[in-house]
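The values are calculated or read from the model by the stated rules, or taken from the named source; none is laboratory data. Predicted model, so just to flag it, every value in this text is computed and none were measured. We place every Cβ from the backbone using ideal geometry, glycine too, and count neighbours over all the protein chains shown.
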Amino acid sequence: MALNTRIGPTAAAAALGLAALAGAGSAKAVTCSSVVATLPEAVKTHVIYGSGGSAITPTLAKVAYVISQSTTPVFVFYQDGKGAGTGLATFKAGNGGITGNQFKYWLTAADTDSTAPPTCTADNPDAGRPVDFATTGGTSALFGVTLDADVGVFTGPTQGINIIVPYASTETSISTEALYYVYGFSDATKLGGAQSIIPWTNKDYIFKRGATAFVQQFLRGAISTLGVNFPGDFGIAKPSSPDTNQGSIDNVIAAAAAGHTQEAIGFTSGPNAQRSYGAGKIHTLAYQHTGQDAAYWPDSTDGAKDKINIRNGHYFLWDTNQFFTKLTAPSANPTLAQIVNPDVATFIGLFTGQVQSFDVTKAIIDTGSIPQCAMQVTRSSDFTGLACAAPPTPCGHYFDQIATGAQTGTACEDDSKCGKDEPKCHFKFCEAY
């Protein structure tokens, strides 16, 4: 199933109308229906609403923009302001777009790089409106949510959870045991004269997320592999403000600006961290998980973008995005054809890889997520052991080229250009099968 992502006349006209509305909406809040009203008639019937966490937002924004500019456009609204668990609950309850948790939307390529794109509310911002899909950084079990029988689950890209410190911090790594100490007990007022070998002992600069956030629940689960009952509220750590992945990054940067470079620490999703790599911002700590002999970065080095240690399983802090939507009938192994809303089916299919688009796969890679076609390992649930992955259409060499600019395989147009070790041509590179 292929998606034509060329910008057609309909999408171009929509962009012009929405740009005008965005200028007007910058002065006051707008309703999403007023945004939809500016769309051409052919687009108004292809609008979908979603809710979830902010871990995937940088990736989702790029994909939403690409599909909005296709010759068969779908326009996406997405709310992410209260954590993945709340987003999943909003999907179940049908109360999206309330005041304080508005829908985001993306009119231009520049909007997709912004941490504050345009937003809108439901027509009734107190009661909200139904949403068509939800997405979380892990399984629904991570949030204690039981799904209705007619909700299908689809697996999307993989993303890491990054432990972050200010760019100028001299710290380079952290272990599960250190995370347990820092986020459970690290408070200099309670050390009783003891001397810590780590710098994170000031609770005012140890930042956490809310209990509904995927990154917090996953990190809690990773710490719990020590065999401890780690508190869901992360002990004495200070909540990020705002309670988003970008909020955690901004808090760490602000702590450094206030003279607390060595004391500041937080965590965020890989796509959000990658967007903030660079001088004066943040860097990622290598992580040594329970039972490992060494610490690993998500990438080959700090600040690289190859995600190799996630792809091969050395870096523990990763999970796959899950997408949830209504089906025409209950199904344990749903297909895209069983999704009630065909526009949602197309949108989710772009993330699962069942709807193929070079532009979308590139967007997923560019933003720091990992399409399943580039993974070498898999997990059956959030924290289980690893198994080898065999994606139907591997794209490891394509991932390397897009993420790093380096060509690691043989370029091809078809199988005839490939050799016996990598005989199949996928994504214009020879792969092993």
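Here are the numbers:
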quantity	calculated
Some residue of the stretch 276-298 being of a type outside the set (Val, Ile, Thr), over 29 Å from residue 386 (Cα atoms) and either without any contact (Cβ under 8 Å) to a residue 24 or more places away in the chain or buried (at least 19 other Cβ atoms within 10 Å of the Cβ) (or both)	yes
Within the stretch 407-433, considering residues that are within 21 Å of residue 359 (Cα to Cα) and of a type in the set (Asp, Glu), the one surrounded by the most Cβ atoms within 10 Å (Cβ to Cβ)	431
Residue in the stretch 17-32 that is closer than 28 Å to residue 356 by Cα and modelled with pLDDT under 80 present	yes
When residues of the stretch 63-91 are limited to those that are in a loop (DSSP other than H, G, I, E, B) and among the β-branched types (Val, Ile, Thr), the one surrounded by the most Cβ atoms within 10 Å (Cβ to Cβ)	74
Elements of type helices (runs of 4 or more DSSP H) contained in the stretch 320-413, each with 1 or more residues being more than 17 Å from residue 48 (Cβ to Cβ) and not assigned by TED's automatic domain parsing to the domain that holds residue 94	396-404
Subset of the stretch 339-381 (residues that are among the basic types (Lys, Arg) and in contact with a strand residue (DSSP E or B) (Cβ under 9 Å, 6 or more places away or on another chain))	379
Any chance residue 307 is basic (Lys, Arg), closer than 26 Å to residue 396 by Cβ and assigned by TED's automatic domain parsing to the domain that holds residue 66	no
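Residues checked against (1) of a type in the set (Val, Ile, Thr); (2) modelled with pLDDT under 95; (3) not in a loop (DSSP other than H, G, I, E, B):
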site: 61; (1), (2), (3): no, no, yes
site: 101; (1), (2), (3): no, yes, no
site: 131; (1), (2), (3): yes, no, no
site: 135; (1), (2), (3): yes, no, yes
